Amino acid sequence: MTTRRMTINLKENERVDELQRNGYRIIQSSGRFCFGMDAVLLSGFAKAKEGDKVLDLGTGTGIIPILMEAKTKAFHFTGLEIQPESADMARRSVELNGLGDKIRIVQGDIREAGAMFGAASFDVVTSNPPYMIGQHGIANPEEPKAIARHEILCTLEDVIRQAAKLLCPGGNFFMVHRPFRLAEIMVLLHEYKLEPKRMQLVHPFVDKEPNMVLIEAKRGGKPRMTVEKPLIVYKEPGVYMPEIYDIYGY
């Protein structure tokens, strides 16, 4: 497919960042939550087949649908984002890359996703949800970065509940989260009949504890999970391991 790129007007504090994939770019703002390595790693861990319909819950500025469009042959992507400013940036990034026929950005609440899109309407659901529980230590719970990091507008259970509702039978759910909540994640996946099938721990350095976990679960899948070899991010400070360069596309 030939992409048709456009010139987009930037708003105050916004910038355009290169994504190192297909020449794609993304609009971000210094005043809001910018995507991090977790989103990039999830886009590399998640899988989508030709013809699949993919939904990203809490898409932020649209990083995961844009990267997955570059990396997979999925038919269509939808990104759901509750914050109007982030959804607006995501829409303009889609336009900037000429991907309006492949990616749709919807502003709305994750907790209402099942009602918005209908049950069993996607083959793949992805999510990079808020990691932190509650509002402890937050000065302003309405601040965009707080909403992205803390479970203010939705909980882990909300995300998993809606993913289970939205997936077709046999559909796959991909999520990145923090290892300290792994027990809770597994309990909730089992409760909502999303069988964990694949897991990978991400370590900043080979001798450090993991600080991320990537998980794949299948709706109605049979019990059996593969634990993949750990993903190490840095060879030394400031130098990625070869696998990370591959995922980023450098």
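Output the number of the condition that GLU151 fails; it satisfies all remaining conditions of (1) modelled with pLDDT of 95 or more; (2) touching a strand residue (DSSP E or B) at 6+ places or on another chain (Cβ under 7 Å).
(1)
Of everything in segment 206-220 that's more than 14 Å from MET186 (Cα to Cα) and touching a residue at least 40 places away in the same chain (Cβ under 8 Å), which residue is surrounded by the most Cβ atoms within 10 Å (Cβ to Cβ)?
MET212
It is to be established whether one or more residues within segment 90-109 are under 22 Å from ALA217 (Cβ atoms) and surrounded by 17 or more Cβ atoms within 10 Å (Cβ to Cβ).
The answer is no; no qualifying residue exists.
Quickly run through segment 72-116 and pick out the residues that are among the acidic types (Asp, Glu) and outside any loop (DSSP other than H, G, I, E, B).
Once the filter is applied, which keeps residues that are among the acidic types (Asp, Glu) and outside any loop (DSSP other than H, G, I, E, B), segment 72-116 yields GLU81, GLU85, ASP88, GLU95, GLU112.
May I ask you to list the residues in segment 27-84 that are surrounded by fewer than 24 Cβ atoms within 10 Å (Cβ to Cβ), charged (D, E, K, R) and over 9 Å from the mean Cα position of the chain (by Cα)?
ARG32, LYS47, LYS49, GLU50, ASP52, LYS53, LYS71, LYS73
Please find, within segment 226-250, the residue that is farthest from LEU194 (Cα to Cα) out of those that are among the aliphatic types (A, V, I, L, M) and surrounded by fewer than 15 Cβ atoms within 10 Å (Cβ to Cβ).
The residue in question is VAL239.
The values are calculated or read from the model by the stated rules, or taken from the named source; none is laboratory data. If you're wondering where the values come from, they're calculated on a predicted model, not measured in any experiment. Note: ideal-geometry Cβ built from the backbone for every residue, glycine included; neighbour counts use all protein chains shown.
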